[in-house]
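Q: Dumping the structure here so I can ask a few things about it.
Quick note: the coordinates plus some simple rules give every number you see, no bench work behind them. Worth saying up front: this structure is predicted, and the values here are computed from it rather than measured. Counting neighbours? That spans all protein chains shown, and the Cβs are built from the backbone with ideal geometry, glycine included.
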Amino acid sequence: MKLPSTQSGFSLVETLVAITILLLVIIGPLAISASTAKSTSFASEQVVAFFLAQEGVELVQKYRDDLLLEHFATPGTPWADFTDASGALLRCMQPQGCGLEILNSGKLATPTLCSSGNCKLYLDLSTGDNRARYTHDSTGYITATPLAGTKPITPYTRSIQLIPDVAGREVRVISRVTWRTGSIRAEQVAEVESYLFNIYETP
């Protein structure tokens, strides 16, 4: 005569239910943390892009103010030089804008016309007294892991456009930074707009 078994165990259904519950408990927080990390990364990129756009406006203002300082010793027409369509900022008056940056000497580099992606920004990790960490100079740039003394490419592109008014009393400055982030297909934009006025002389 066979005695009934007193052993008990989990059925297949109970095991599957337990595994499902365990997966839900683990995957839920992981999905939340991944979403949080993505949002934090995007917010960080937005902050950097805004400050880069603000820097673009300030570079144009520095150029205007430097012209006034040059004319303290030698009388001249700094505002006319600033708004001259054939002058140093000619490229910035084009619809596609220009790339502008400050050199370590404190002077502004010659503007570059923004066409075919040449207004990309690179992160200058070289040691020393650098005036700007973000530069349009691609010399020595890398695309791999950033190392000290290199210029890894960034996702940012900055273009600065100047639009003088007809009366010659003000210049509209538009500094636009664009970038692509993560899996978002649309190009992101941070834009700062300002007006610089003729505070030096009467036209």
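Q: Going through region 36-141, which trypsin sites (Lys or Arg not before Pro) have at most 16 other Cβ atoms within 10 Å and a DSSP loop state?
A: Listed in order of number, the matching sites are LYS107, ARG131, ARG133.
Q: If you don't mind, there's one more thing I want to ask. Test of understanding: what is the full-extension gain from LEU90 to VAL47, defined as 0.36 nm times their sequence separation minus their Cα-Cα distance?
A: 12.5 nm
Q: Now, a different point. What net charge do the residues around LYS120 carry, taking every other residue with its C-beta under 11 Å from that of LYS120, with Lys and Arg at +1 and Asp and Glu at -1?
A: Net local charge, LYS120 excluded: +1.
Q: Next question. Nothing charged except the Cβ atoms of Lys and Arg (+1) and of Asp and Glu (-1): what's the magnitude of the dipole of region 62-105 about its Cα centre? Round to the nearest 20 debye.
A: The dipole of region 62-105 has a size of about 120 debye.
Q: Around GLY87, with a cut-off of 15 angstrom between Cβ atoms, what is the net charge of the other residues, counting Lys and Arg +1 and Asp and Glu -1?
A: -2
Q: Extension gain LEU69-ILE19, at 0.36 nm per residue separation less the Cα-Cα distance, in nm?
A: 10.6 nm
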